[in-house]
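A short worksheet on the structure shown next.
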Amino acid sequence: MKSIKLIAGLVLLGVLSSNESTAQQEVLDGTYVREHHPSKRVIPYTPLREADVMWMKRIWRVLDLREKINHPLYFPTEKIMDRQSMTQLIYESVTNPDALVTITPYDVLDDEFTVRLTVAEVEQKTTKIDTEFVEDENGDLKPLPIKEEFSPHAVKRYRLKEEWFFDNQKSVLEPRIIGMCPVQEKFDEMGEYKGEMPLFWLYFPEARVAFSTVPVYNPNNDAERRTLEDIFWKRKFSSYVFKETNVYDRKIDTYKQDLDLLLESKRIEHEIFQFEQDLWEY
């Protein structure tokens with residue numbers, strides 16, 4: 001009875017419309033119903049012909065979520081009412097067939113999206129089964145399997161595959177992300193770090209649909225939050241190059257180490273920038 005009076009009062013105050021009051025019988029957490037992000041559509045790519053691509057370069061990047069500019073992609077570590085992390089969204093879209101938008105995972109055997117993974121195969125890679133011995137009624141020890149669920153905060157890096165190309169029709173140099181791969185940290189039984197484990201590849205144009213519906217934190221205005229799609233569309237993230245197309249098909253860390261590795265990454269980015277500058281006359 002109290003909830004009915006509350007809804008009726010909100011209708012009289014103009015906080016809820018009559019249609020909203022009949023469809024939503026819970027307390028409104030805020031001053032208005034948020035409708036922008038759930039109904040937001042993906043901005044389509046500009047049609048591109050092969051004849052218009054005068055130059056192209058494929059590179060692979062590492063997106064480290066621990067960098068400050070990338071924190072909106074990593075936090076919150078636990079899902080809250082109006083926000084969730086990028087890893088939480090991806091895992092839910094991959095493993096839950098009833099999710100609002102589903103995403104197809106691909107095996108990490110290669111980054112060419114050749115082998116699709118099932119939900120069971122993804123859960124097998126992301127969950128861990130441990131065994132604990134407990135006493136039964138007779139005092140005997142019996143093994144009891146314990147399932148450790150996937151921890152989204154354990155994914156602190158992503159690998160991005162993207163192409164930079166010069167569109168001769170528009171006379172612009174544009175990047176397009178082709179795929180992304182979450183990378184989980186591995187630890188042994190003693191808690192010591194044992195490296196990284198790539199989980200699965202995602203076809204980024206497919207994931208854009210899910211990214212466009214999830215808002216991320218805006219420190220300046222809670223009413224004008226960007227979405228995950230906006231972050232990648234506007235290139236509001238930090239990353240570094242760890243591989244470019246080459247005759248040996250090798251990564252930078254196979255021939256450069258420490259500071260030289262970072263300098264080589266910057267050199268590749270500078271070459272792409274310099275290529276565009278050399279096309280113009282001033």
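Which of the residues that make up the stretch 236-272 are open to solvent by less than 70 Å² (accessible area, probe 1.4 Å), assigned to a loop (DSSP other than H, G, I, E, B) and out of contact with any helix residue (DSSP H, G or I) (no Cβ under 6 Å at 6 or more places or on another chain)? Hits for the stretch 236-272 are Ser239, Thr245, Asn246. Of the residues making up the stretch 138-147, those that are among the charged types (D, E, K, R) and not in a loop (DSSP other than H, G, I, E, B) are Lys142, Lys147.
Determine if the stretch 172-186 includes at least one residue that is among the basic types (Lys, Arg), closer than 15 Å to Leu63 by Cβ, within 26 Å of the chain's Cα centre (by Cα) and modelled with pLDDT of 90 or more. No, the stretch 172-186 contains no residue that is among the basic types (Lys, Arg), closer than 15 Å to Leu63 by Cβ, within 26 Å of the chain's Cα centre (by Cα) and modelled with pLDDT of 90 or more.
Against the test of being closer than 23 Å to Thr77 by Cα and among the polar types (S, T, N, Q), the options Thr126, Thr118 yield a single qualifying residue, Thr126.
Entry remark, the stretch 114-137: residues being open to solvent by 70 Å² or more (accessible area, probe 1.4 Å), in a loop (DSSP other than H, G, I, E, B) and closer than 23 Å to Ala210 by Cα number 2 in total.
In this structure, does Thr46 turn out to be of a type in the set (Ser, Thr, Tyr), modelled with pLDDT of 85 or more and touching a helix residue (DSSP H, G or I) at 6+ places or on another chain (Cβ under 8 Å)? The answer is no for Thr46. Is there any pair with a first residue in the stretch 49-73 that is within 30 Å of Pro219 (Cα to Cα) and of a type in the set (Asp, Glu) and a second that is outside any strand (DSSP E or B) and at pLDDT 95 or above whose Cβ atoms are under 8 Å apart and which are 6 or more apart or on different chains, and what are they? Every condition considered, the pairs that remain are Asp64/Asn70; Asp64/Ser238; Asp64/Ser239; Glu67/Ser238.
For beta carbons closer than 7 Å, sequence separation of 6+ or different chains, a first residue in the stretch 125-154 that is under 17 Å from Thr95 (Cα atoms) and touching a residue at least 12 places away in the same chain (Cβ under 8 Å) and a second that is open to solvent by 80 Å² or more (accessible area, probe 1.4 Å) and polar (S, T, N, Q), there are no qualifying pairs.
Quick check on the stretch 72-85. Is at least one of its residues farther than 30 Å from Gln169 by Cβ, at pLDDT below 95, among the basic types (Lys, Arg) and within 14 Å of the chain's Cα centre (by Cα)? Within the stretch 72-85, one or more residues are farther than 30 Å from Gln169 by Cβ, at pLDDT below 95, among the basic types (Lys, Arg) and within 14 Å of the chain's Cα centre (by Cα).
Looking at Asp111, Asp107, can you tell me which residue is modelled with pLDDT of 75 or more, in contact with a Cys (Cβ under 9 Å, 6 or more places away or on another chain) and either open to solvent by less than 90 Å² (accessible area, probe 1.4 Å) or under 26 Å from Pro76 (Cα atoms) (or both)?
Step by step, each of Asp111, Asp107 is checked, and only Asp111 is modelled with pLDDT of 75 or more, in contact with a Cys (Cβ under 9 Å, 6 or more places away or on another chain) and either open to solvent by less than 90 Å² (accessible area, probe 1.4 Å) or under 26 Å from Pro76 (Cα atoms) (or both).
Might you let me know whether the stretch 80-88 holds any residue that is of a type outside the set (D, E, K, R) and surrounded by fewer than 17 Cβ atoms within 10 Å (Cβ to Cβ)? The answer is yes; a qualifying residue exists.
The set of residues in the stretch 27-71 being charged (D, E, K, R), part of a strand (DSSP E or B) and open to solvent by 60 Å² or more (accessible area, probe 1.4 Å) consists of Arg58 alone. For Ile103, state whether it is under 30 Å from Arg225 (Cα atoms) and in a loop (DSSP other than H, G, I, E, B). Yes.
The values are calculated or read from the model by the stated rules, or taken from the named source; none is laboratory data. This one's a predicted model, so the numbers in the text were calculated from it and none came from an experiment. Note that each Cβ is placed from the backbone with ideal geometry, even for glycine, and that neighbours are counted across all protein chains shown. Keep in mind that these areas ignore ligands, DNA and RNA; they rest on the heavy atoms of the full protein, side chains included. Shrake-Rupley method; radii C 1.70, N 1.55, O 1.52, S 1.80 Å.
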